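This report concerns only the one structure given below.
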Amino acid sequence: MEGNNANFFASPRMKRKNVGPQSPSRQTEKPLLTQLFEKKYETSKDQVRQMVEATLAVEETKFNQNPSPYEIDIKLGSGVFSEVFSAITNDGGPYALKRIAKKNPKFSWKLVLREIAAGKKLQHKGIVRFRDHFETANNVYIVMDYFQGRDLYSLMEQTDFRPLDEPLVRHLFKQLIDAIGYAHQEGVSHRDIKLENVLVNAACDLKVIDFGLCAVQADGYCSDYVGTADYAAPEVLMREPYNGFKADVWSCGVFLYAILYGEFPFDLDEFLQEIKEGNLPELSWGAENPAFKSASDDAKNIIQQIFTVDPKKRPTIAELKQHAWFQTEDNVEKLCAPFFEMAVSSVE
């Protein structure tokens, strides 16, 4: 994932399990990740790999000598880089336990360190809270608060991607923008904002998850190309050096369009061709969706502003919050529970 290597994911169209002895274990001595942080690693992946190889034999002995405080319960989900489980301890819980396999071909110490650094840094009601991290010989574990919700892609999939009512869309989008705006203020760009990385509960409280591809930096400029192609900004797809904060804004726009119209705004192949020619494909505004509902002019206007090809002219999160569409206060109490319950009941 370094340099000019692109690592985009394709976006999908639109019982108790006790692992016993495989459970992770804590260490009383400083683990490898702590050593890396204390050295304030900021250079190449090869240097990290050399440190890992030099200490792994000692670490493996240490891991196998300590009992785990976590009992893994149910698998909550999985992705390209990791699996997530619910877990409990003698002191309580539940927690969400993210397991990242070191043998995964896409494993990157640099990205793991970034995610942990971001987790320690970010404390916001709209971001699932980081609690701890540790490792075993084969895996790195990140412990987070457990949030009783479902990812928004799964919820919409169960309703055949029926567009959400605009007041509910605004309610969810405000929470997303508030969380991402806070991350940007703290110098963190998410770089993989998508429906799958947003959890929603029956009260329509929203939590952003998975900072595994984030960048932690002051100026926001990146030269590694990661994320999910359907949500990626033009400059990212074109493999140009890019501002991670402005790329996040574009991804937020795709998120907004998707829940408002129940479809992605662009066909990826057509989009890439148009961008190469310096154009932006016309939006259908959901006209091809059988569940199409007319959106307000303010909603369309904020989407058009977000989908500005030139990132220097694209609005910041702070500027989006000043848009007229944001100024409306919605009472969504009667909209949240029916949407959530309908989506969940369809798979029961």
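Count the net charge of all other residues whose Cβ sits under 10 Å from the Cβ of T228, scoring Lys and Arg as +1 and Asp and Glu as -1.
Computed value for this residue: -1.
Ranking request for peptides 296-304, 328-336, 136-144: highest mean number of other beta-carbon atoms within 10 Å first, then the rest in descending order.
My ranking of the peptides, most packed first, is 136-144, 296-304, 328-336.
I'd like the distance separating the alpha-carbon centroids of region 221-284 and region 158-189, in whole Å.
About 17 Å separates the Cα centre of region 221-284 from the one of region 158-189.
Go through 248-259, 263-274 and give me the packing order, highest mean Cβ count within 10 Å leading.
On the way: 248-259: 24.5, 263-274: 15.8.
Those peptides, ordered most packed to least, come out 248-259, 263-274.
No lab work stands behind these numbers, since they all come straight from the coordinates. Since we're looking at a predicted model, the values are computed, not measured. In this analysis, Cβ positions are derived from the backbone assuming ideal geometry, glycine residues included, and neighbour counts consider all displayed protein chains.
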